[in-house]
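For reference, the structure discussed in these notes is given below.
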Amino acid sequence: MAETSYPDVRGGGSLILAYQVRNKKVLVVGGGEVAAGRIVRLLEADAKVTLVSPRSGLNPEVAYRAAQNQVIYHDRVFEPSDLDDPAITMVMTAIDDPEASSRIWKLCKERRIPANIADVPPECDFYFGSMYRDGPLQIMVSTNGNGPKMANIVRRRIEGSLPPNIGDAIAKVGALRKKLRQVAPGNEQGPKRMKWMTKVCVQWTLEELCNMETEDMDRLLESYDPDEVPSFQKVRSGLEPGEWEFDGSFGWSCVI
């Protein structure tokens, strides 16, 4: 029996996930610049944010979020009872008091609440990376707490290599994928749906995906049953799947 080759296991990494916190309660302790960054990321993920910090410690952006009721704000220092709510799914601290931060981390460990203690990697259940976002596209670069600035440099390199319309293309692909699930909803269709969507993404250019309108999606989906992916031009021209289109050659070509 031939030996099978498998990838080597390299320990020391993080399990990078697109964790869903929509409508989940998250506690943020602190109101400075770091807290401002944490809060805006949480709000963009549709989390329900509770902020605990004396008003004197709020920077302008955090004060704005509180004034606009974008967060539930408590004008005081952290109290252990802030962790009594069983709906809290994670805690983030960003305060200039290492001892207080460690006490909060220990309380979170006792309650089995994941926590991130800013600038103290050993007391973090998860890290924040350098983030790039373009619509539905999100890319995170993490150095596992070794060098946040390096993560920022790498992220900028990646950002500079991406086409400017990648977010729009992904949004259109997402809309097409939703329509496909309506056309072929069964679980047994899963493998075919995946392969067909892969062919669309590979065969159509980013510009074509960006320019795809609802009518184009509906016509493209007509080719799902025969498992075909017509070109963008054929979809726009209104040709039926498998229909022949005269290309002006009369079946022969002239080579000069």
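Quick notes on this one:
- Secondary structure note: in the chain, about 25% of the DSSP beta bridges are antiparallel.
- Look at the Cα gyration tensor of the range 110-173: its axes a ≥ b ≥ c give a/c of at least 1.5 with a/b at or below b/c, and that counts as oblate.
- Cα gyration tensor category, rounded, prolate or oblate, for the chain with a/c compared to 1.5: prolate
- The Cα center of the range 49-78 and the Cα center of the range 97-116 differ in position by 20 Å.
- Residue-level accessible surface for Tyr19, protein heavy atoms, 1.4 Å, Å²: 120
- Centre separation in Å (Cα based) which lies between the range 161-220 and the range 12-45: 30
- Relative contact order of the chain, pairs being alpha-carbon contacts under 8 Å that are 6 or more residues apart, as %: 11
- Ranked from largest to smallest solvent-accessible area, with a 1.4 Å probe on the protein heavy atoms, Met90, Met131 come out as Met131, Met90.
- 15 Å beta-carbon shell around Pro86, net charge (K/R +1, D/E -1): +1
- Sequence-distant residues sharing a close amide H with Met90 (under 5 Å, placed H): Leu27
- Per residue, the accessible area of the chain comes to 66 Å², computed with a 1.4 Å probe over protein heavy atoms only.
- Rolling a 1.4 Å probe over the protein heavy atoms leaves Glu110 with an accessible area of roughly 140 Å².
- Under the Karplus curve 6.51 cos²θ - 1.76 cosθ + 1.60, θ = phi - 60°, whole-Hz ³J(HN,Hα) for the range 50-64, x wherever Gly or Pro sits: 10, 10, 10, 5, x, 4, 5, x, 7, 7, x, 5, 5, 4, 5
- The chain: angle of helix 98-111 to the longest principal axis, Cα-based, in degrees nearest 10: 70
- From phi via Karplus (6.51, -1.76, 1.60), per-residue ³J(HN,Hα) for the range 122-132 in Hz, x at Gly/Pro: x, 10, 10, 7, 7, 10, 9, x, 7, 10, 10
- Here the calculated FRET efficiency for Ile158 and Ser14, from their Cβ-Cβ distance with R0 = 22 Å, stands at 0.80, rounded to the nearest 0.05.
- Using a probe of 1.4 Å, the accessible surface attributed to Asp46 totals some 70 Å² when neighbouring protein chains are kept in position.
The values are calculated or read from the model by the stated rules, or taken from the named source; none is laboratory data. Worth saying up front: this structure is predicted, and the values here are computed from it rather than measured. Note that we place each Cβ from the backbone using ideal geometry, even for glycine, and neighbour counts take in every protein chain shown. The protein model used for the area step is the full one, side chains on, heavy atoms only, and it has no ligands, DNA or RNA in it. Shrake-Rupley method; radii C 1.70, N 1.55, O 1.52, S 1.80 Å.
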